[in-house]
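Trainee: Take this structure, written in structure tokens, and hold onto it; I'll ask about it next.
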Amino acid sequence: VLASQARAIAAAMGFSSPYEVDAVGRRGEFQRRLLASKIAEDEQAECFISDRSVEDVLTYYAMHDPVNIEEAMIDQTREAFNRYTHVFLCPIGAVFNPGEDPARLKNRAYHRIFQELCYSWVRKFQSFSGDVRLYTLAMESLEERVAYVRQVAGI
């Protein structure tokens with residue numbers, strides 16, 4: 001869902017792709033809009049499963065526009081994270097598939113940094129809520145990961 005939100009936000013900003021916002025230095029505005037959209041989407045649902053979470057958005061922001069990130073955004077993300085009950089992260093050692101998108105960074109080290117920052121946010125935010133459980137999806141196949149999420153979530 002976040003990928004379609006990202007495309008819609010980029011379009012609302014006058015771009016044909018989310019990758020174009022970086023070229024004109026508007027990553028901060030884009031990430032703020034994307035986080036607000038993700039938080040609003042999560043708040044509207046009584047129960048949800050998403051392949052992207054608020055700490056993902058914060059991590060991308062921190063990696064791509066650290067100069068413009070605001071402390072209030074970190075606090076806002078932490079508050080939104082409190083709605084989560086389970087977080088599933090897929091370690092790069094188990095799965096590394098940057099896909100075919102030519103604009104997407106394929107550097108493995110970049111993705112490792114993203115992963116470590118995500119884990120770090122989750123652990124930090126867990127210390128505030130305590131109710132969020134972290135799971136590692138070390139299975140290579142998507143079908144196995146989906147089955148595991150369904151089993152844990154009871155669906």
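The values are calculated or read from the model by the stated rules, or taken from the named source; none is laboratory data. Keep in mind that what you see is a predicted model, and the values were worked out from it rather than measured. Here the Cβ positions follow ideal geometry from the backbone for every residue, glycine too, while neighbour counts run over all protein chains shown. For the accessible areas, the whole protein counts, side chains as well, though only heavy atoms, and no ligand, DNA or RNA atoms are used. Shrake-Rupley method; radii C 1.70, N 1.55, O 1.52, S 1.80 Å.
Trainee: Sequence-distant or interchain residues sharing an amide H contact under 5 Å with TYR135, placed H: which?
Mentor: Sorted by chain and number, the residues that satisfy this are VAL87, PHE88, LEU89.
Trainee: Something else: Determine, from the Cβ-Cβ distance of HIS111 and GLU46 and an R0 of 35 Å, the FRET efficiency 1/(1 + (r/R0)^6), rounded to the nearest 0.05. Write out the running numbers ahead of the final one.
Mentor: Details: r = 33 Å, r/R0 = 0.93.
Plugging the Cβ-Cβ distance into 1/(1 + (r/R0)^6) gives 0.60.
Trainee: Using the Karplus curve 6.51 cos²θ - 1.76 cosθ + 1.60 with θ = phi - 60°, work out ³J(HN,Hα) for each residue of region 104-110 in order, rounded to whole Hz, and write x for Gly and Pro.
Mentor: Result, ordered by residue: 6, 5, 10, 5, 4, 4, 4 Hz.
Trainee: Taking 0.36 nm per residue of sequence separation and subtracting the Cα-Cα distance, how much length would be gained by fully extending the chain between ASN68 and ALA12, in nm to one decimal?
Mentor: Values: separation 56, 0.36 × 56 = 20.16 nm, distance 2.06 nm.
Extra length from ASN68 to ALA12 when fully extended: 18.1 nm.
Trainee: Test of understanding: in a Gaussian network model of the chain with alpha carbons linked when under 10 Å, which of TYR110, TYR135, TYR119 would top the mean-square fluctuation ranking?
Mentor: TYR110
Trainee: Taking θ = phi - 60°, what integer Hz values does the Karplus form 6.51 cos²θ - 1.76 cosθ + 1.60 yield along region 12-20, in sequence order, with x for Gly and Pro?
Mentor: 5, 8, x, 10, 8, 8, x, 5, 6
Trainee: Please list 146-154, 81-89 highest first by mean number of surrounding beta-carbon atoms within 10 Å per residue. Could the numbers behind the result be given before it?
Mentor: Details: 146-154: 12.0, 81-89: 16.9.
Highest mean packing first, the order is 81-89, 146-154.
Trainee: Whole-Hz Karplus ³J(HN,Hα) for region 23-29, in order, using 6.51 cos²θ - 1.76 cosθ + 1.60 and θ = phi - 60°, x for Gly and Pro?
Mentor: The phi angles translate into 4, 10, x, 10, 4, x, 4 Hz.
Trainee: Now, a different point. Take the chain, connect every pair of alpha-carbon atoms lying under 10 Å apart with a spring to form a Gaussian network, then pick out the residue of VAL95, VAL57, VAL132 with the largest mean-square fluctuation.
Mentor: Of VAL95, VAL57, VAL132, the Gaussian network model singles out VAL95 as fluctuating most.
Trainee: Over region 1-102, what is the relative contact order in whole percent, taking alpha-carbon pairs under 8 Å and six or more residues apart?
Mentor: Details: 59 pairs, mean separation 24.3, N = 102.
Computed over region 1-102, the figure is 24 percent.
Trainee: How large is the accessible surface of SER120 in square angstrom, using a 1.4 angstrom probe and rounding to the nearest 10?
Mentor: My reading of the accessible area for SER120 is about 60 Å².
Trainee: So what's the back-of-envelope 222 nm ellipticity for the chain, counting only DSSP H runs of four-plus at -39500 (n - 2.57) apiece and dividing by all residues, rounded to 500? Don't skip to the end; give the middle numbers.
Mentor: Numbers: 7 runs with 89 residues, N = 155.
Value at 222 nm, helices only, nearest 500: -18000 deg cm²/dmol.
Trainee: Run a plain Debye calculation on the chain (Cα atoms as equal point scatterers, no solvent) and give log10 I(q)/I(0) at q = 0.14, 0.15 Å⁻¹, rounded to two decimals, same order as the q list.
Mentor: Listed by q, the Debye log ratios stand at -0.74, -0.86.
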